[in-house]
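One structure is given here, and the rest of the page talks about it.
The values are calculated or read from the model by the stated rules, or taken from the named source; none is laboratory data. This one's a predicted model, so the numbers in the text were calculated from it and none came from an experiment. With ideal geometry, Cβ positions are generated from the backbone for all residues, glycine too; neighbour counts draw on all protein chains shown.
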Amino acid sequence: MIDQPIAVGAPGGGGSSHRLGLSDILADPPLVHGGGTCIWRMSNDVLEFIDHHLPCGSRTLETGAGLSTILFALKECHHTCVVPLREEVSRLRDYCGTRGISLQRVKFEVERSEVALPRMNPGPLDLVLVDGSHAFPAPFIDWYYSTPFLREGGILIVDDTHLWTGDLLRRFLEAETVEWRQLETFSGRAAAFRKLASGSETKGWEEQALLVKKSRSLTRRHKLYLAWRLARRGQLLTLVKKAASSIAPGA
């Protein structure tokens, strides 16, 4: 669904106009990345989800830049784009300039997100898109510093969940059922969440469900490894004593 696309005049200032929307930028994407040779882009269904669920004029923030940045501009969002490469911003500006797409409400923070986000105060946000660096620990930093500004009821999108860092963040949010509710997954490559409450990023480790679950699993594995070592060394009596102490009352 294309929600209120922007009307732009035809090149040369003719009287006709074309209502530019998501389908137009999908058909004619900018070459932003790889030195201007390609576009690293999220899937169409994620962009369509944003277009369908995000009202015009919303307050938004993303890490990374690309087709999503142009979509936020088309929807006249008060948008903050955190991107480390100035040349990518220049290519986006050139693309939008030749097509009459206004970037007046788009603010570019040209800096690595781990540097930019901790000092930023973007105000209440309706949507946050985590789609910057996917190297460890960047997605977690992006989530940690941006989502406190996301209003309750707002939407968080984590892209590239087929990578380990994105998948771990997705699974963490799935387990935080008091603060987050998963809305949709996109072919195993992205996930959208509704923020229900604040506070998941400030919990102690013993309150974070996924961390507790994985820590218990690691503890069991460690005990099995110790048992294997003792058995291999022939220290069966020690192994029996340890097993007995683990099931003793108060152990």
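Summary of values
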{"read-out": "Looking only at region 108-141, and only at residues there that are in contact with a Gly (Cβ under 6 Å, 6 or more places away or on another chain) and acidic (Asp, Glu), the one that is surrounded by the most Cβ atoms within 10 Å (Cβ to Cβ)", "value": "ASP131"}
{"read-out": "Subset tally (residues that are out of contact with any helix residue (DSSP H, G or I) (no Cβ under 9 Å at 6 or more places or on another chain) and either surrounded by 14 or more Cβ atoms within 10 Å (Cβ to Cβ) or not assigned by TED's automatic domain parsing to the domain that holds VAL128 (or both)) for region 159-180", "value": "2"}
{"read-out": "Lone qualifier among SER68, SER58 - being touching a helix residue (DSSP H, G or I) at 6+ places or on another chain (Cβ under 7 Å), surrounded by 14 or more Cβ atoms within 10 Å (Cβ to Cβ), at pLDDT 95 or above and not basic (Lys, Arg)", "value": "SER68"}
{"read-out": "Yes/no for THR98 being surrounded by 15 or more Cβ atoms within 10 Å (Cβ to Cβ) and not aliphatic (A, V, I, L, M)", "value": "no"}
{"read-out": "So LEU103, is it among the hydrophobic types (A, V, I, L, M, F, W, C) and either without any contact (Cβ under 8 Å) to a residue 40 or more places away in the chain or more than 25 Å from ARG151 (Cβ to Cβ) (or both)", "value": "yes"}
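Residue by residue, here is whether (1) touching an Asp or Glu at 6+ places or on another chain (Cβ under 6 Å); (2) assigned to a loop (DSSP other than H, G, I, E, B); (3) at pLDDT 95 or above holds:
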position	(1), (2), (3)
TYR95	no, no, yes
GLU109	no, no, yes
SER133	no, yes, yes
ILE141	yes, no, yes
TYR144	yes, no, yes
THR147	no, no, yes
GLU152	no, no, yes
VAL158	no, no, yes
LEU168	no, no, yes
